[in-house]
1. Could you list all residues from the stretch 106-118 that are within 15 Å of the ligand (Cβ to nearest atom) and touching a strand residue (DSSP E or B) at 6+ places or on another chain (Cβ under 8 Å)?
2. Among residues belonging to the stretch 103-161 that are free of Cβ contacts under 8 Å to residues at least 12 places away in the same chain and part of a helix (DSSP H, G or I), point out the one that is nearest to residue 184 (Cα to Cα).
3. I'm checking my understanding of the structure. Among residues of the stretch 318-332 that are out of contact with any Asp or Glu (no Cβ under 9 Å at 6 or more places or on another chain) and part of a helix (DSSP H, G or I), which one is nearest to residue 284 (Cα to Cα)?
4. Output the number of residues of the stretch 80-105 satisfying the condition of being at pLDDT below 95, of a type in the set (A, V, I, L, M, F, W, C) and in contact with a strand residue (DSSP E or B) (Cβ under 9 Å, 6 or more places away or on another chain).
5. Among the residues of the stretch 119-136 satisfying the criterion of being touching a helix residue (DSSP H, G or I) at 6+ places or on another chain (Cβ under 7 Å) and modelled with pLDDT of 95 or more, which is farthest from the ligand (Cβ to nearest atom)?
6. Which residue is nearest to residue 312 (Cα to Cα), if the candidates are limited to the stretch 333-378 and must be among the hydroxyl-bearing types (Ser, Thr, Tyr), assigned to a helix (DSSP H, G or I) and within 16 Å of the ligand (Cβ to nearest atom)?
7. Of all the residues that make up the stretch 204-220, how many are within 16 Å of the chain's Cα centre (by Cα) and either hydroxyl-bearing (Ser, Thr, Tyr) or over 16 Å from residue 330 (Cα atoms) (or both)?
8. Looking only at the stretch 47-63, count how many residues are within 16 Å of the ligand (Cβ to nearest atom) and surrounded by fewer than 24 Cβ atoms within 10 Å (Cβ to Cβ).
Amino acid sequence: LFIPDEPVRLEDHESALASPASSPSNIFEEGWVEGIEGAIGNTPLVLIRSLSAATGCLVLAKAEFLNAAGNSPKDRVALNMIRDAEAQGLLVPFRGDTIYEGTVGSTGISIAALARARGYKAHICMPDDQSVEKVNLLTHLGAVVERVPVQPITSPEHFVNVARRRAKEHTASAETESKGFFADQFESEANWQAHYRGTGPEIWRQTGGRIDAFVSGAGTGGTIAGNARYLKEMKKEDVKIVLADPHGSGLYNRIRHGVMYSPTEREGTRRRQQVDTLVEGIGINRVTANLESGRELIDDAVRVTDEQALKMARWLVEHDGIFAGSSTAVNCVAAVVTAMKLPKGSMVVTVLCDSGTRHLSKFYKQITEMGLEEKTDEMQSDDLLATL
Ligand code: PMP
């Protein structure tokens, strides 16, 4: 087995791959991409037939789970953060550098895969209430996984603060020249910019500019802010930006009523969230730099209960063969609520973030425990709409 200790560069293999006269760019046949990074972005926009029929609007969803490295929109973000760091010399491939990140899982999975592809190690700090599927996946991708008890962001033991500290410790203690790099998805501008440069323009092209509303949850806020900025720039104020918020998150009140939680209330709410929601990946109780960069562009918010999300997940399997993760189910509930408020024929776009395979042990287990498979068997559009 040949394992290169340096990145493989096409330039070095030009003579083996093509006639000497060929440049690396025309070695490529149509449909080839270079490395797994090349299979990130340009995801399909799926017309969800059942939700379109139920609402009389075109309900479309960006199939972000098809990003090839970590199977979520976080591939775009992780790649952009890594490329930015490489451009600044903060990360150097095969120097022994480690990427540290605080994440509920998706960003960690993308970082772990891309770290392998580009010559780094990954150390992922995550709260210990997240699904075991994500932990297993991270371990199989070769990341060091540090699970920390759920804490408010003000605590030094919050998963984000632990990751930041570990990166500093690495750089301070490295015997070689290797560095620790804290990716910092919550505050890094490279996050929303990945959507501003990638997802937003793709949606604009794929809808021919006809989009009327964009609906998304916020974990870091990168998706909603980056897309909002691009789409509003293209269509001025016409396109409605709607936040989909699970129960227990503070953002709904922030957007709807302008209420900011005090740190004490924030901690209290955070604790309640742990017991209140099965949804992973979205819903926060602070305004991050990423959310702030698009906060004023958010026109409305829809609060979604777990029960609504669970029923929607079941509905999507039943009617569309779409096996959605929990945040995707929340997005789809909010997309339907948004569509119902718009004139018939409007175009509403949301995001299919990740697959239900990552949520079997929590979210889908609850679907079975509630007997939803049988209950939703005969469910018609009117029944679905009545639950929203
Ligand atoms: N869905 C899932 C499954 C996620 O993990 C995340 C991010 N934590 C999101 C949605 C939200 O994306 P963003 O961070 O861009 O707000």
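The values are calculated or read from the model by the stated rules, or taken from the named source; none is laboratory data. Values in this document were obtained by computation on a predicted structure and should not be read as measured data. Using ideal geometry, Cβ is built from the backbone for each residue, glycine included, and neighbour counts are taken over all protein chains shown.
1. Passing the criteria: 107, 108, 111, 112.
2. That would be 139.
3. 331
4. Result for the stretch 80-105: 1.
5. Checking each candidate, the answer is 121.
6. My answer is 364.
7. 2
8. Residues flagged as within 16 Å of the ligand (Cβ to nearest atom) and surrounded by fewer than 24 Cβ atoms within 10 Å (Cβ to Cβ) within the stretch 47-63 amount to 1.
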